[in-house]
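The values are calculated or read from the model by the stated rules, or taken from the named source; none is laboratory data. Given the structure is predicted, the values throughout are model-derived calculations rather than measurements. Positions of Cβ are backbone-derived with ideal geometry, glycine not excepted, and every protein chain shown enters the neighbour counts. Note: areas computed on protein heavy atoms with side chains; ligands, DNA, RNA excluded. Shrake-Rupley method; radii C 1.70, N 1.55, O 1.52, S 1.80 Å.
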Amino acid sequence: IDIIPKGITKQIDLKLMQLIKEQFATVLGSQDMTRDRLYSKDRISKEMSRLFIEHIGKNPVVIPIIIED
């Protein structure tokens, strides 16, 4: 998981970013993200937005990029 924040860096530090990554991985780890790419991107976007709202009170634009092997 690689998160590149733009425009919200003043509200977020490394410790908080690590916490968000861990919570994100936990939530998505329990779900099947292989169904289809559109579903996966939508789910990732909604979950990441929820976490940012919860932790910093901002709702940034989330652009998920899925790289497959």
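Below is a table of values for the structure above.
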{"quantity": "Helix axis angle, 14-29 relative to the chain longest principal axis, alpha carbon, degrees", "calculated": "20"}
{"quantity": "Accessible solvent surface per residue of the chain, calculated while the other protein chains remain in place, 1.4 angstrom probe, Å²", "calculated": "76"}
{"quantity": "Net charge over other residues, Cβ less than 13 angstrom from the Cβ of F52 (K, R count +1; D, E count -1)", "calculated": "+3"}
{"quantity": "Relative contact order (%) - the chain, alpha-carbon pairs under 8 angstrom, separation at least six", "calculated": "28"}
{"quantity": "Helix axis angle, 37-56 relative to the chain longest principal axis, alpha carbon, degrees", "calculated": "20"}
